[in-house]
1. Please work out which residue is surrounded by the most Cβ atoms within 10 Å (Cβ to Cβ), limiting yourself to segment A:16-58 and to residues that are assigned to a helix (DSSP H, G or I) and of a type in the set (D, E, K, R).
2. Yes or no: segment B:149-158 includes at least one residue that is open to solvent by less than 20 Å² (accessible area, probe 1.4 Å) and modelled with pLDDT under 95.
3. Given A:405, A:360, which one is within 15 Å of the chain's Cα centre (by Cα) and not aliphatic (A, V, I, L, M)?
4. Please state which of the following conditions residue B:232 fails to meet, knowing it meets all the rest: (1) over 30 Å from residue B:74 (Cβ atoms); (2) at pLDDT 95 or above.
5. Given the criteria aliphatic (A, V, I, L, M) and either under 25 Å from residue A:456 (Cβ atoms) or within 14 Å of chain B (Cβ to nearest Cβ) (or both), does residue A:212 qualify?
6. Enumerate the strands (runs of 3 or more DSSP E) found wholly within segment A:275-319, keeping only those where 2 or more residues are surrounded by fewer than 18 Cβ atoms within 10 Å (Cβ to Cβ).
7. Just to check your reading of the model, which residue among B:98, B:72, B:53 is of a type outside the set (A, V, I, L, M), modelled with pLDDT of 95 or more and in contact with a Ser or Thr (Cβ under 8 Å, 6 or more places away or on another chain)?
8. Any residue that is closer than 26 Å to residue B:264 by Cα and of a type in the set (Ser, Thr, Tyr) - is there at least one of those in segment B:54-75?
Protein chains: 2
Amino acid sequence: MSKITTKVAIIGAGVSGLKAAEVLLNEPHSPFQPDDIVIVEAQDRIGGRIKTDTTKSKLGISYDLGAAWFHDTLTNQVLKDAVANNYFDVKNDTYYDDKDIQIYDRNGLIDVSGLKINRVVEDLEKYIELHYHEELDTEDISLQDIVKQFVQQYEFMLTPEQIDYSTRIMRYLELWYGISWDKISGKYSIMDHQGRNLLNKRGYYFIIENLLKLVKDIRILTKQPIVKIDRNNKETSKPICIESSTGLKIYSDYLLVTVPQSILQLPAAHPYGLTWNPPLPKSIQDALSTIHFGALGKVIFEFDDVWWDESQDRFEILADDNQVNLSATITSPPKPFTYPAYIINFASVHNKPSLVILTQSPLTDYLEKNPEQAWNYYKPMLATLAHKGKIPTEPINVITTDWTQNPYIRGAYAAVETGDDPSELIIQLSGEFDGCGLSSSHIRFAGEHTIMDGAGCVHGAYNSGIREAKWILQDVKPRPRL
Amino acid sequence: MSKITTKVAIIGAGVSGLKAAEVLLNEPHSPFQPDDIVIVEAQDRIGGRIKTDTTKSKLGISYDLGAAWFHDTLTNQVLKDAVANNYFDVKNDTYYDDKDIQIYDRNGLIDVSGLKINRVVEDLEKYIELHYHEELDTEDISLQDIVKQFVQQYEFMLTPEQIDYSTRIMRYLELWYGISWDKISGKYSIMDHQGRNLLNKRGYYFIIENLLKLVKDIRILTKQPIVKIDRNNKETSKPICIESSTGLKIYSDYLLVTVPQSILQLPAAHPYGLTWNPPLPKSIQDALSTIHFGALGKVIFEFDDVWWDESQDRFEILADDNQVNLSATITSPPKPFTYPAYIINFASVHNKPSLVILTQSPLTDYLEKNPEQAWNYYKPMLATLAHKGKIPTEPINVITTDWTQNPYIRGAYAAVETGDDPSELIIQLSGEFDGCGLSSSHIRFAGEHTIMDGAGCVHGAYNSGIREAKWILQDVKPRPRL
């Protein structure tokens, strides 16, 4: 049973943990040497939910199976740093895949512009905003229900086509949150973006590679899933002790916990859960129960040739207006057109015959468990994209993600279900307010689930790592004598 | 010299004054009889900046020379009331003229969608919002300058076409505020709308007609420009006396002033100014100096046939990227493509060959003074709209507005120039906060310039009339004995 003693232990070698280590080490006047920091990682790979795959494609494309976009590009710190440090070149390494999205349903392309559907979608989103803005304690209902409510109230101003299409289009939000719209919180469904979304053509792993270079002298121990966190260690002079499933013990002054929210939400008795000793305070436990974890996945089809409109960036294929229980676990092949498909046209991004489809829970869970079913589900839906008389062909390659099947990740990221409060956990874990978090015990939290700006995104995780490194650097400073 | 004694005097027979009178008279338990209310109007017509002309068209179209749209249609009270009272039928009497706008410049139609220009325009607007959101006291610069600043900062993410077109497109805001972009306050340039804009096909005067029916027993005295307001009248027992240029004196307990902001801003010595006795308090005088008055006008061309794309709702014809002093008074015919044109296609609205063009100051002032120059200015610009080989023809009819030439209106509505504070005057005149307005003297203000939600709009004016009627009804109630 090996033991390590250090100053700062970091659980998780994803972007938040690596960025925190980098700042701890490289900030001017930092008291920390490489030996003072240890990163432990449960998996056999680095990067967490950044995962650029270069092996599975038959077309030579590097696919980001996890995070793929720079969001909020007017204020995105990861993008700013990458540009400032010449890590990469925006014009060659990225692609704005945001040409007006083409909307299809079972019957083909929809004339969104001619029918002024986007104006109704904008009204719908504004209606939701106003509905919850008027009174702060307005009862939350699902996205599906508030969309129905809008239609009831404003039917007199709408055409039948506008009602039909705009309501089904709103399910595009399933592909942001990774859950179906009967679950999505109406109250928190509409996001405010700080700039366009920029697809990282080169693959997001370059961010991880660069961070690894900058922390190359710091120990990173992989395949060490932490199972126990002792907040009041008495075995040594160090106040904190974490223990992995292999029996490794790390004693430290500070601990930064960057495991996914899904891991924090597991009971201690769960094989992949954390045992806290003493247990987490009730305020954090309560906060963990007011937020859910979605499952955004991807299915990628590669073909011999492009048979869809290669000039477009994105397609949304609408689901039928159906009466299915959308969020129930799927146990047998689902009917096509039950869930909408949001598709990135890689023929436009990379000039190669590839379509990247985002999937939502529970479809994600089903397809990640049964990847051989992916083409059956999407085949009739994708057939609607056939362009200028071209005949859809069978894929030469199918790639699916496996986030729901990975016991150390268990899905995608934080998702706000009806009745949830997305800020509660962030307030608790960021420890930015008195009485929140575990600040007195020198245990801190980082990751996409611990931050408001950039929640669920790479830049949110990155900024949370910076925030915690700075907190530790501030805390470790010698106090002036009284 | 005639004298009238009444309980409530209202200056201005526009929508705010008429709506106030209507509520004063018809609110349940109102103590007011028709004889208790007098409305005085400077002009020989009713309606203020609502003016539906049925005489000038050669095509039989009713043109709204003033207000024409229901804005903020998710929350618009005028629309709600009109629908609830069956004044009119949304589907037949209105038209959503909001199909994706077609953008042209000197060289013809621009592929806005293909070049993803709208995404950049969205970013530009978000950038402006973020820029002023970060710190409340960030220095205001003009819309023109902040657009330049955006380009400098984000050039690396933009294509040359995106920079060229998106910056020129932003001048569409000139046709909201009625002033040129070198004057428009960057800080307050981006508006938040509560729903789509709905063009009133039938003509807005039906609102006035309906209000007139509801107040038919109230005296409305036209051609009585008020020149003097005595706030401490001692001649009679009534505390307020207003006097018109014809010598009419009206004594009242309450006074509601709904003259345009442009009239309030005139010095007392001005032939169309108001003399306040005693003068307005400094707080109101100061507030009147922190806001400007724009001049949105219209030029309407009627033709024999449609030679543009009749399937479109709106066109924006971009100005050249020029170095002209845009806001200087125009004294000789301006060069075409100096100011952008925002055009409503009435071939789409009414199925008749007519184009309605919005104009901005100082072009409005020039064209309203020299209407015979309108076709010279717009002819080469409109020629860019020629569709499918059709040849542009000369108009058979030209109609221009005359708001800047009307001494009782003097332009359009409140406009926020660089450095202005749009809320100051509203706070002062709405009298909703202690120490603001003239509330202790029973003199109240209404109109589009006195209200935040719906500022500059019919529904804002209408709501301000309701607000003031309710204030008076509350104030006039007998106090409980102590």
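The values are calculated or read from the model by the stated rules, or taken from the named source; none is laboratory data. In this text, all values refer to a predicted model and were calculated from it rather than measured experimentally. For neighbour counting, all protein chains shown are included, and Cβ atoms are generated from backbone atoms with ideal geometry for every residue, glycine included. For the accessible areas, the whole protein counts, side chains as well, though only heavy atoms, and no ligand, DNA or RNA atoms are used. Shrake-Rupley method; radii C 1.70, N 1.55, O 1.52, S 1.80 Å.
1. Let us first name the residues in segment A:16-58 that are assigned to a helix (DSSP H, G or I), namely A:16-26, A:34-36.
After this cut, where a residue has to be of a type in the set (D, E, K, R) as well, the list is A:19, A:22, A:35-36.
Details: A:19: 30, A:22: 22, A:35: 11, A:36: 18.
Looking at residues that are assigned to a helix (DSSP H, G or I) and of a type in the set (D, E, K, R), I get A:19.
2. The answer is yes; a qualifying residue exists.
3. Numbers: A:405 fails: within 15 Å of the chain's Cα centre (by Cα).
Going through A:405, A:360 in turn, just one is within 15 Å of the chain's Cα centre (by Cα) and not aliphatic (A, V, I, L, M): A:360.
4. Only one criterion is unmet by residue B:232, namely (2).
5. On the way: aliphatic (A, V, I, L, M): yes; either under 25 Å from residue A:456 (Cβ atoms) or within 14 Å of chain B (Cβ to nearest Cβ) (or both): yes.
Judged against the criteria, residue A:212 is a match.
6. Values: elements: A:275-277, A:297-302, A:314-317.
The qualifying strands (runs of 3 or more DSSP E) are A:275-277.
7. On the way: B:98 fails: in contact with a Ser or Thr (Cβ under 8 Å, 6 or more places away or on another chain); B:72 fails: in contact with a Ser or Thr (Cβ under 8 Å, 6 or more places away or on another chain).
Unique residue meeting the criteria: B:53.
8. no
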